Amino acid sequence: MGSPSPGNDLNSDGDSLVYPTVLAARSDIANPHWRSTSLGVYRFWRDYGFVFGAVGIGFIADAVDLNIAIQTVAWMFLW
């Protein structure tokens, strides 16, 4: 379907390629007895990063300005 932003498309395409690869690598490395625990820990920290990013941008929006917060996210994706 596509989005109005090509950068957003590239980011989501990259995410869809990276996540299964990282999970497969983690499964290959982990001992079969604690494989499910290692995947759970990985997914926890991955999801925690999403929460931390959203809360961090919310603090920037409250402290400075909403436009600055949006520009911060834009610059992070360019970097």
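The values are calculated or read from the model by the stated rules, or taken from the named source; none is laboratory data. This is a predicted model, so every value here is computed, not measured. We place every Cβ from the backbone using ideal geometry, glycine too, and count neighbours over all the protein chains shown.
Listed conditions (1) loosely packed, with under 11 Cβ neighbours inside 10 Å; (2) among the β-branched types (Val, Ile, Thr); (3) at pLDDT below 90 are all met by residue 22, apart from (1).
If you go through the range 20-54 and keep only what is assigned to a helix (DSSP H, G or I), among the hydrophobic types (A, V, I, L, M, F, W, C), more than 24 Å from residue 10 (Cα to Cα) and more than 17 Å from the chain's Cα centre (by Cα), you end up with just 29.
Within the range 55-69, is there a residue that is at pLDDT 90 or above, in a loop (DSSP other than H, G, I, E, B) and either more than 15 Å from the chain's Cα centre (by Cα) or surrounded by 10 or more Cβ atoms within 10 Å (Cβ to Cβ) (or both)? Don't jump to the end; show me each part of the working.
Step one: list which residues in the range 55-69 are at pLDDT 90 or above, which gives 55-69.
Then keep just the ones that are in a loop (DSSP other than H, G, I, E, B); that gives 64-65.
Then keep just the ones that are either more than 15 Å from the chain's Cα centre (by Cα) or surrounded by 10 or more Cβ atoms within 10 Å (Cβ to Cβ) (or both); that gives 64-65.
Looking for residues that are at pLDDT 90 or above, in a loop (DSSP other than H, G, I, E, B) and either more than 15 Å from the chain's Cα centre (by Cα) or surrounded by 10 or more Cβ atoms within 10 Å (Cβ to Cβ) (or both), one finds at least one in the range 55-69, hence yes.
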